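Report on the following structure.
FYI, it's all coordinate maths here, none of it is from the lab. In this text, all values refer to a predicted model and were calculated from it rather than measured experimentally. Cβ placement follows ideal geometry from the backbone for every residue including glycine, while neighbour counts extend to all protein chains displayed.
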Amino acid sequence: MAENHDGPDRCVLEIDGSAAGILLREEDGAYQFFAADPGAAVLDRRRFGSRLRAQVEVKRVLCRSGREP
């Protein structure tokens, strides 16, 4: 899926209706994740190539940490 770089530079990443963290788009188009949910803290400040990739990875980590979907 092609990523449109004309979108917002920041967004709240929600997983199953709850805020997991914030994504900030950097100059190179990558996104840096800042965790709000303690279950996603292991991904804090990790960079992702797209919002979708960040969403998939954060959801995977939260499910593994025992957070209910």
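General observations
- Fluctuation leader among GLU27, GLU57, GLU14 - the chain, Gaussian network, Cα springs under 10 angstrom: GLU27
- Normalised radius of gyration (Cα atoms, divided by 2.2 N^0.38 Å) for region 11-61: 0.98.
- Taking the number of Cβ atoms within 10 Å of each Cβ as an exposure proxy, the fewest-first ranking of PHE48, PHE34 is PHE34, PHE48.
- Counting only alpha carbon atoms, the long axis of helix 51-64 and the longest principal axis of the chain meet at about 10°.
- Dipole axis of the chain (+1 Lys, Arg; -1 Asp, Glu on Cβ), positive-most option in ALA40, ILE22, VAL12: ALA40
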